[in-house]
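Shown next, in structure tokens, is the structure this report addresses.
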Amino acid sequence: MQQKNQRNHAAKYQPRSYDFGMATVLLFLAQPASGADAPFSAHAGLVSRYVARGITTTYFNGPPLGNKNADAPESAEPAAQWGFDYAAEQGWYAGYWASMINYSYLRLGQGYSDRGLTVFDDKKSIENDVYAGYTWRFGEFSASAGLTGYLYVNGKHADNAESRLTLGYKTLTLAAQTFFRDSLLGNAGDTYWSLNYRRDLPYGFSLDLILAWSSYRREGKFYGSRDTYLQIDCGPGAAMNVTGCFAGKTPRGQNFSHLTLGLNYRLPTLPATLGVAGIIGGYNRFGVAQDNEIIGSLSLNY
């Protein structure tokens, strides 16, 4: 629910980890079969669970509620993910990324005004991320600027857009992604900061590392210290979580989000990559600690 996704588009057509939109080190894009100069590539895969930006346990300010109550992770079950990319030699890039979600952003959005709603796991959502931008290169240095739109099948108050700015040196990239508007994903101005590193290893292996931090705008329509639908303050020791005020931790301005280590293996005879990612959990926007997690993935690349 808080803002994925921070893919590295700097390295064209090389096997690389993805954390765009809301995903974290789960998909791997390999060199297209049509050759190194082909501008288009596509991928489809399966992950053991869909974790967005290190939120393995809960988006809310108290104990985890689970997918049946529209809580983290985005999917606690295996999820299909797919997409395609275009990367021009001149530096322009564009693409699409999608994932199944194991609860409904439609029901969660309806719960903002319908406080009697109790079913959140029917009409499950599909996340669609559409992105584009430009990458500049200066020898071994790079910089990029882009936009991402988040669109949900079965969603209400969920669609959003964010900017993405990066600075890079070789395979080390610093990225900042900022939401434009209040939505179920977060408050306008929320920024996800990530330091991304990738290293090729012998025998078809590669290593990915993401160190992430988040800064938050404390008050918004769906998250804060005030019920913006009923127009009442939540009071001490309570916070607004989409569907009302709940007792627990209160909003924070910034937190360590996660440290993720991914090990990937590109199969030598098939256009496929196997991956495993270990997530060291940080804290959500309310300072609630997230559990450590291990996630597996299989991606087919074209």
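The values are calculated or read from the model by the stated rules, or taken from the named source; none is laboratory data. These numbers come from a predicted model, not from an experiment. Quick reminder, even Gly has a Cβ in these numbers, built from the backbone with ideal geometry, and neighbours come from all protein chains shown. Ligands, DNA and RNA are excluded from the accessible area calculation, which covers all protein heavy atoms including side chains. Shrake-Rupley method; radii C 1.70, N 1.55, O 1.52, S 1.80 Å.
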Exercise. Consider Asn102 against the criteria (1) of a type outside the set (A, V, I, L, M, F, W, C); (2) open to solvent by 30 Å² or more (accessible area, probe 1.4 Å); (3) closer than 30 Å to Ala272 by Cβ: it satisfies all of them except one. Which criterion is unmet?
Worked result: (2)
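May I ask you to say which residue of Leu46, Leu65 is under 20 Å from Phe222 (Cβ atoms), surrounded by fewer than 22 Cβ atoms within 10 Å (Cβ to Cβ) and at pLDDT 95 or above?
Only one candidate passes the filter, namely Leu65.
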Exercise. In segment 276-302, which residue that is in a strand (DSSP E or B) and among the small types (Gly, Ala, Ser) is nearest to Arg218 (Cα to Cα)?
Worked result: Ala289
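Can you name every one of the strands (runs of 3 or more DSSP E) wholly within segment 119-170 that holds 2 or more residues which are aromatic (Phe, Trp, Tyr) and open to solvent by less than 80 Å² (accessible area, probe 1.4 Å)?
On the way: elements: 126-138, 141-153, 160-169.
The strands (runs of 3 or more DSSP E) meeting that bar are 126-138, 141-153.
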Exercise. Considering segment 232-252 alone, what residues qualify as being assigned to a loop (DSSP other than H, G, I, E, B) and open to solvent by 50 Å² or more (accessible area, probe 1.4 Å)?
Worked result: Pro236, Lys249, Thr250, Arg252
For this session: Please work out which one of (1) open to solvent by 50 Å² or more (accessible area, probe 1.4 Å); (2) within 24 Å of Ala158 (Cβ to Cβ) is the condition Asn255 fails and give its number.
Result: (1)
For this session: Confirm whether Ala72 is part of a loop (DSSP other than H, G, I, E, B) and modelled with pLDDT of 95 or more.
Result: yes
For this session: Collect the residues in segment 191-213 that are open to solvent by 10 Å² or more (accessible area, probe 1.4 Å) and within 20 Å of Thr58 (Cα to Cα), keeping them in residue-number order.
Result: Thr191, Trp193, Leu211, Trp213
Exercise. Any idea how many residues of segment 218-231 are in a loop (DSSP other than H, G, I, E, B) and either on the phi > 0 side of the Ramachandran plot or buried (at least 19 other Cβ atoms within 10 Å of the Cβ) (or both)?
Worked result: 3
Exercise. Looking at segment 68-83, which of the residues that are open to solvent by less than 40 Å² (accessible area, probe 1.4 Å) and not charged (D, E, K, R) is farthest from Ala132 (Cα to Cα)?
Worked result: Ala70
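Anything in segment 171-190 that is open to solvent by 30 Å² or more (accessible area, probe 1.4 Å), in contact with a Ser or Thr (Cβ under 8 Å, 6 or more places away or on another chain) and assigned to a strand (DSSP E or B)? List them, or say none. Step through it out loud before you land on a result.
Keep residues of segment 171-190 that are open to solvent by 30 Å² or more (accessible area, probe 1.4 Å), which gives 171-172, 174, 178, 180-182, 189.
Narrowing further to those that are in contact with a Ser or Thr (Cβ under 8 Å, 6 or more places away or on another chain): 174, 178, 180, 189.
Those that are open to solvent by 30 Å² or more (accessible area, probe 1.4 Å), in contact with a Ser or Thr (Cβ under 8 Å, 6 or more places away or on another chain) and assigned to a strand (DSSP E or B): Leu174, Thr178.
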